[in-house]
Amino acid sequence: MSSTAYKAAAEIRALILNPVLVAGPREPRAPLAAINRVFGGEHMQWDAMVDMDAVLRPLARRDGLPGECKHALQAAITKPSAATATRAERALLAACNREGLPDGLPTALFEAARLLPYHAAALGSAEAAARISARSLDVAWTYLRGSDVGRGWLALRAALLWASDAQEDLSDVKYKPRPLFDRLTAFDLQAMTFARSFAAIAKAEEMISDEDAILRGGAGASASDMARAGDLPGLDEDLPTLGAILDAARPSALASRPAPGLVVVPSLAHLPEPAKSTRDRRDSPRAEFERIENKPLPLLPAPDPHAFAEAGAARAPWLRPVFEVLAQDLVGAPYARIRPTAFVSRPGTGKTAAIRAVAQGLGLALRVYNAAGAADGSFGSTSRQWSTGRGSIPLQTALAEGVANFVVGIDEIEKSSPDRRNGSLQDALLPFLERESARQIFDTFIEANVNLSAVSFIVTANTLDGVPGPLRDRLRILEVPSPRPEHLPIVAANLVAEIRAERGLDEAWVPDLDEDELALLARHWKGGSLRPLRRLVETLVAGRDRLAPRH
């Protein structure tokens, strides 16, 4: 590669590895500008609802705002959704064109309206995703045409991601906050395919230009010769193709990146072909698992280790030491996975909730298996010779989630039965916790070795007494700290959010606790177990219902 190409590759590499110069910080403390969003800028707290609230709430308080516009903003604030975000955008655009507004207000309304399509897209609007994709594509073309390939690439990558989102309207699907950076990084391989295709197209266009020149009598004069003579300005023989630049820009990253997926279930040709009626009942091993037979399942990417630790600590500050240890597993990781780990602490300190927080931070699906009272080894699969034959719990999860990496939580492992007459959960777990053996675990239901090496296992225990040595040896033991009194506001907010989710209500119906309610809780909860605090919070929420005015 020439020195010019190397310099271009180095500049692009710097932007790819550190896009904050154009896309804004990874963890914004305030809503980013529209120009940052074009390159894949993040939402505050990686949550479109939080970000939209921060954009609209100050506007709703401004003097001189038309009444219908203020109503639309309040609806988007109290009931955030793709629909309310879109209505608020339209109201803002209509209002900013009115005459007689206070100085500066029209500009503020317009800038807010520019941001709302990003919130609507994140909340599931296919139409908004298509619009912001077109916006990023237009910016990408501007930069690529100006030879600023680094910014052009970031904008193109964002455009392709949102174009993918625009294929399906998910406005009715429950929104789950997650970092956009992780999705963009996961999209690199697909976007790279586009880049290589563009390079091939450019070569084909050059061949057509050369053939045209020959047909017009310019035999012996290629398109690149004409460009150097000034007939085709902008073409430079020394300038590499986009695909070549990107290949040179990230050799180490691409080399460490795994294949797009992992084959979990191999060929099932050794099993009998199921009859149609059996296929409908799904009671044949081959019929049940043929959907993922011999097919690579996606490996979801590892989040940024620092972002993972900080996001976890923001949700549960007392768990910062736990998240910081787990984050070490993500440094240079080709996909999201942590070592088999045990969370140990006294009862009621939120170990199961900690597993959920870890899975959320990793961006992975979670399957929780209650070990209390488990008296057999069915976790590791059951032969189909029995009427209750089934695949192992991790294998069933891979089938249900359609991915190769996810989190399996084993709750209260010390309470599982030590009796081995029907097998033992503690024994069944052992091969899953060793990386090498997990690559070829024999599943008795499908009578084949399956690859479950990408699965993350977290077990919880109040004590390790009674847990056999071979199982302890395979687990990293982490003491889970208890929340302290100063963590009450965050803990209470988390509990109220759980209550809202259980009741299917939004914040307008079950708002967070106010200062008086928190003060009342502080008098009765001094840290430690979350169970009594949960009962206190439920009592407060129930008291609101009783005291609410009836109309």
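Note on region 435-452: residues that are touching a residue at least 40 places away in the same chain (Cβ under 8 Å) and either among the polar types (S, T, N, Q) or in contact with a Ser or Thr (Cβ under 6 Å, 6 or more places away or on another chain) (or both) total 5.
Inspect region 125-134 for any residue being in contact with a helix residue (DSSP H, G or I) (Cβ under 8 Å, 6 or more places away or on another chain), buried (at least 24 other Cβ atoms within 10 Å of the Cβ) and within 17 Å of residue 155 (Cβ to Cβ) and give the result as yes or no. Checking region 125-134: at least one residue is in contact with a helix residue (DSSP H, G or I) (Cβ under 8 Å, 6 or more places away or on another chain), buried (at least 24 other Cβ atoms within 10 Å of the Cβ) and within 17 Å of residue 155 (Cβ to Cβ). Inspect region 362-380 for any residue being in a helix (DSSP H, G or I), assigned by TED's automatic domain parsing to the domain that holds residue 418, among the small types (Gly, Ala, Ser) and surrounded by fewer than 19 Cβ atoms within 10 Å (Cβ to Cβ) and give the result as yes or no. For region 362-380, residues in a helix (DSSP H, G or I), assigned by TED's automatic domain parsing to the domain that holds residue 418, among the small types (Gly, Ala, Ser) and surrounded by fewer than 19 Cβ atoms within 10 Å (Cβ to Cβ): present. Filtering region 18-31 to residues that are part of a loop (DSSP other than H, G, I, E, B) and touching a residue at least 24 places away in the same chain (Cβ under 8 Å) leaves 19, 26, 27, 30, 31.
So which residues in region 38-72 are part of a helix (DSSP H, G or I) and in contact with a Lys or Arg (Cβ under 8 Å, 6 or more places away or on another chain), if there are any at all? Step through it out loud before you land on a result.
Quick first cut of region 38-72, residues part of a helix (DSSP H, G or I) only: 38, 44-46, 48-60, 67-72.
Scanning region 38-72 gives 38, 44, 46, 60, 72.
Return yes or no: is residue 350 out of contact with any Asp or Glu (no Cβ under 9 Å at 6 or more places or on another chain), farther than 12 Å from residue 455 by Cα and surrounded by fewer than 20 Cβ atoms within 10 Å (Cβ to Cβ)? Before you say what the answer is, go through the steps one by one.
On the way: out of contact with any Asp or Glu (no Cβ under 9 Å at 6 or more places or on another chain): yes; farther than 12 Å from residue 455 by Cα: yes; surrounded by fewer than 20 Cβ atoms within 10 Å (Cβ to Cβ): no.
Here the answer is no, as residue 350 does not meet what is asked.
Out of the residues in region 112-149 meeting the condition of being of a type in the set (D, E, K, R) and at pLDDT 90 or above, tell me which one is farthest from residue 84 (Cα to Cα). Within region 112-149, the match that is farthest from residue 84 (Cα to Cα) is 135. I'd like the residue in region 259-280 that is among the aliphatic types (A, V, I, L, M) and either in a loop (DSSP other than H, G, I, E, B) or over 25 Å from the mean Cα position of the chain (by Cα) (or both) and, out of all such residues, is modelled with the highest pLDDT. Among those residues, the one meeting the criterion is 264. As a summary of the residue check, residue 392 satisfies the conditions (1) among the small types (Gly, Ala, Ser); (2) within 30 Å of residue 320 (Cα to Cα); (3) crowded, with 22+ Cβ neighbours inside 10 Å; (4) in contact with a helix residue (DSSP H, G or I) (Cβ under 6 Å, 6 or more places away or on another chain) except for the one numbered (2). Got at least one residue in region 375-386 being farther than 17 Å from residue 300 by Cβ and without any contact (Cβ under 8 Å) to a residue 24 or more places away in the chain? Yes, the conditions are met somewhere in region 375-386.
Of everything in region 81-118, what is outside any helix (DSSP H, G or I) and either within 27 Å of residue 176 (Cβ to Cβ) or touching a residue at least 60 places away in the same chain (Cβ under 8 Å) (or both)? Give them in sequence order. 81 - this is the single residue of region 81-118 that is outside any helix (DSSP H, G or I) and either within 27 Å of residue 176 (Cβ to Cβ) or touching a residue at least 60 places away in the same chain (Cβ under 8 Å) (or both). Of the residues making up region 292-316, those that are over 19 Å from the mean Cα position of the chain (by Cα) and surrounded by fewer than 16 Cβ atoms within 10 Å (Cβ to Cβ) number 3. Taking the condition closer than 14 Å to residue 471 by Cβ and hydrophobic (A, V, I, L, M, F, W, C), does residue 399 pass? No, not satisfied. Residues that are out of contact with any Phe, Trp or Tyr (no Cβ under 9 Å at 6 or more places or on another chain), assigned by TED's automatic domain parsing to the domain that holds residue 34 and more than 23 Å from residue 133 (Cα to Cα) are absent from region 80-93.
Is it the case, given these coordinates, that residue 432 is touching a residue at least 12 places away in the same chain (Cβ under 8 Å) and either on the phi > 0 side of the Ramachandran plot or in contact with a Pro (Cβ under 8 Å, 6 or more places away or on another chain) (or both)? Here the answer is yes, as residue 432 does meet what is asked.
When region 415-433 is filtered for residues that are under 22 Å from residue 344 (Cβ atoms) and surrounded by fewer than 19 Cβ atoms within 10 Å (Cβ to Cβ), the ones remaining, listed by number, are 415, 417, 418, 427, 430.
Quick one: which of 459, 467 is in contact with an Asp or Glu (Cβ under 6 Å, 6 or more places away or on another chain) and not in a helix (DSSP H, G or I)? Lay out the reasoning, then the answer.
Numbers: 459 fails: in contact with an Asp or Glu (Cβ under 6 Å, 6 or more places away or on another chain).
Step by step, each of 459, 467 is checked, and only 467 is in contact with an Asp or Glu (Cβ under 6 Å, 6 or more places away or on another chain) and not in a helix (DSSP H, G or I).
Beta carbons closer than 8 Å, at least 6 apart along the sequence or on distinct chains, pair a first residue in region 462-486 that is in contact (Cβ under 8 Å) with a residue 12 or more places away in the chain and over 21 Å from residue 437 (Cβ atoms) with a second that is among the acidic types (Asp, Glu) and assigned to a helix (DSSP H, G or I) for 462/414; 463/414; 464/414; 465/414; 466/414. Counting only helices (runs of 4 or more DSSP H) that fall entirely inside region 470-551 and contain at least 3 residues that are more than 24 Å from residue 312 (Cβ to Cβ) and out of contact with any Leu (no Cβ under 7 Å at 6 or more places or on another chain), the qualifying elements are 515-524, 530-547. I'd like the full set of residues that are under 15 Å from residue 349 (Cα atoms) and of a type in the set (A, V, I, L, M), limited to region 513-546. Once the filter is applied, which keeps residues that are under 15 Å from residue 349 (Cα atoms) and of a type in the set (A, V, I, L, M), region 513-546 yields 530, 533.
The values are calculated or read from the model by the stated rules, or taken from the named source; none is laboratory data. All values reported here derive from a predicted model rather than from experimental measurement. Note that each Cβ is placed from the backbone with ideal geometry, even for glycine, and that neighbours are counted across all protein chains shown.
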